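Notes follow the structure.
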Amino acid sequence: MVDQFTNTFLGFERDCKRGVFGRVKHYYGVFEAQNRGSLHLHMVIWIEGALSPKLIQERAMADESFKHQLFLWLESVIKHELPSDTSPLASESKARQKQCLLGRPPHPDHPDFPSIWPQFLREVLDASGHVHKHNDTCFKKTPFSMLSLEPNDRDRLCRFNYPSPLVPESSMNDNGKISLKRIDENVVGYNPTISSSFQCNTDVKFVGSGPFAMALAIYMSHYAAKSTLDSALIMSALAAAMKSLQSNNTTLHSPAVSEDEERCRKLLLKTLNQINGRRELSGQQVACALLGISNHVTDAQFAVFYWSKLLTWTSPTIFPPYQPKLKPDEIFVGQATRFLI
């Protein structure tokens, strides 16, 4: 499914190299497992020929025609309103909800496609949660004492910022922040082509300038650098700690081991048991690990960055190169300098 999205909908394998967002230069996506174990994708897309957020702001401020065209393009690929002249999906119709999410979308060659597609899109948006409704996840970081507020007051505590303020027309403020046209305060940003084709929940945002863009960049970087807690990593860390306790040729059961060291050993073992006992893996995560499927997708090649080498290069006196402590019989002529990575 991800390959279909990048190759067809982003246009990487199409002859014209155009997708639903235009020509895409690069993409980088990270898979994340929800609390229930299901996998979903966070992806950043770079548009071919796009200006930097700063240049977009400067040109939009100086050229009204450019700003108008920019707003038209953004409003065509990111929607914040439900299709007009459509009816909501009946919440009690479970069979229809499953059909919207698991059935085939209308074929474009169907003679009535222009009339049936908007209603199909509306039902997909309703069934896939594109119309935000508060749940426990919205307030999981809210202090318990504030959960008894009135509904209107609780709206301001939603960590997803819904309901969002209505925006009659797209605009840009002095800081370069773009507020896209929003007719419905609870509709999550979506692309009609992607949502109707994949029939799942999506959230499309434009990364521009201003505090919101900076917060969004940090949010995306968090997911790009997010690592899972691996049992092998835990065991290696504990093994190193245990080895330190066993220094000076003593054993764990030797009288030379102090009471404090024994307590530390037990604490580490209990910590490991607690971590592994509380950790749950879904079938999707296990399958990906067994099949060797990567936890990210990208078309670009990234250079490996070694932080310790940079520190040594910038200030070798403060951060000298790592020199392994070898025994006298292990030292040999011509030993190369090593870095601790």
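General observations
- Which numbered condition ILE293 fails, given (1) under 30 Å from LEU10 (Cβ atoms); (2) at pLDDT below 80; (3) of a type outside the set (S, T, N, Q): (2)
- Here PRO88 fits the description: loosely packed, with under 12 Cβ neighbours inside 10 Å and touching a helix residue (DSSP H, G or I) at 6+ places or on another chain (Cβ under 7 Å).
- Criterion applied to THR193, THR142, THR137 was being of a type in the set (Val, Ile, Thr), under 24 Å from the mean Cα position of the chain (by Cα) and within 15 Å of PRO83 (Cα to Cα), and the one residue passing it is THR193.
- Against the test of being acidic (Asp, Glu) and closer than 30 Å to ASP174 by Cα, the options GLU81, GLU32 yield a single qualifying residue, GLU81.
- When residues of region 1-22 are limited to those that are in a helix (DSSP H, G or I) and either among the small types (Gly, Ala, Ser) or free of Cβ contacts under 8 Å to residues at least 60 places away in the same chain (or both), the one nearest to THR193 (Cα to Cα): THR8
- Residue-level analysis places ILE56 outside the set of residues that are under 30 Å from LEU166 (Cα atoms) and either touching an Asp or Glu at 6+ places or on another chain (Cβ under 8 Å) or not in a helix (DSSP H, G or I) (or both).
- Verdict on LYS25 being free of Cβ contacts under 8 Å to residues at least 60 places away in the same chain, surrounded by fewer than 18 Cβ atoms within 10 Å (Cβ to Cβ) and either at positive phi or not assigned by TED's automatic domain parsing to the domain that holds ASP203 (or both): no
- For region 139-172, the set of residues classified as of a type in the set (Gly, Ala, Ser) and at pLDDT 75 or above consists of SER164, SER170, SER171, listed by residue number.
- Residue within region 56-79 that is at pLDDT below 85 and not β-branched (Val, Ile, Thr) present: no
- Residue check, SER115 part of a helix (DSSP H, G or I), exposed (fewer than 11 other Cβ atoms within 10 Å of the Cβ), at pLDDT 85 or above and not charged (D, E, K, R): no
- All positions within region 51-64 that are among the small types (Gly, Ala, Ser) and without any contact (Cβ under 8 Å) to a residue 12 or more places away in the chain: SER52, ALA62
- Residues in region 59-72 that are of a type outside the set (S, T, N, Q), exposed (fewer than 13 other Cβ atoms within 10 Å of the Cβ) and assigned to a helix (DSSP H, G or I): ALA62, GLU64, HIS68, LEU72.
The values are calculated or read from the model by the stated rules, or taken from the named source; none is laboratory data. Please read these numbers as outputs of a predicted model, since none were measured by experiment. Neighbour counts are summed over all protein chains in view; Cβ atoms, including those assigned to glycine, are modelled from backbone coordinates with ideal geometry.
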